[in-house]
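Notes for the one structure printed next.
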């Protein structure tokens, strides 16, 4: 079970109540320049960046996730790790699945998931049948997208636009268990500050 770290004075419900803006995104298309730097999601959407880190020494795959609102404000973060270490594609797909499960628990309906693994994003959006383990994981991700969050989508972003999740994934390797954070960790505070300016 995840340890919840919450030093702030607002609950998730209070935060949601303060964010009752309903507006559809004008476009899902991004230019390459937009993807190089983290971009705020459209109004009423949340964006969650997800990344995985692989440690042969610890025989673990660390997964870091960060949720931010349409103003770029930090909502929360989660770190988990999986064992044993696995192929990069499987680890990247499992991070997407873990992120979708977390967003489902939080009951967000309009989310944009950003991954820096173009191969996983392309495979997820492909219509080609894939009977491999990777294909099975991505099929579950598609079911989640079409089920609980059908106004949501997954997009590729560069490593530079995914640095917060990248740092969280590295932290996850060393944690004893999964963690939920509702205050910004010191390791990502300067990154979030720079991305909001």
If each residue's Cβ is checked for other Cβ atoms within 10 Å, how do 114, 187, 66 rank with the fewest at the top?
187, 114, 66
If I stretch the segment between residue 87 and residue 57 completely, what's the gain in nm (0.36 nm per residue apart, minus their alpha carbon distance), one decimal?
9.3 nm
At the level of C-alpha centres, the distance separating region 71-93 and region 99-128, in angstrom, is 12
Normalised contact order of region 39-195, rounded percent, pairs of Cα under 8 Å and 6 or more residues apart:
33
Simple spin-label estimate for residue 146/residue 160, 7 Å along Cα→Cβ, in nm, reads 3.7
Would you please classify the overall shape of region 107-149 from the alpha carbon gyration tensor, given that a ≥ b ≥ c denote the square roots of the eigenvalues, rounded means a/c under 1.5, and beyond that prolate means a/b larger than b/c while oblate covers the rest?
oblate
Rh (Kirkwood; distinct C-alpha pairs) - region 39-195, Å
15.5
For a label point 7 Å along the Cα-to-beta-carbon line of residue 127, residues of region 145-182 with backbone N under 18 Å
146
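Coordinate-derived values only; no laboratory data. None of these values were measured; they are calculated from a predicted model. Neighbour counts run over all protein chains shown; Cβ positions are idealised from the backbone, glycine included.
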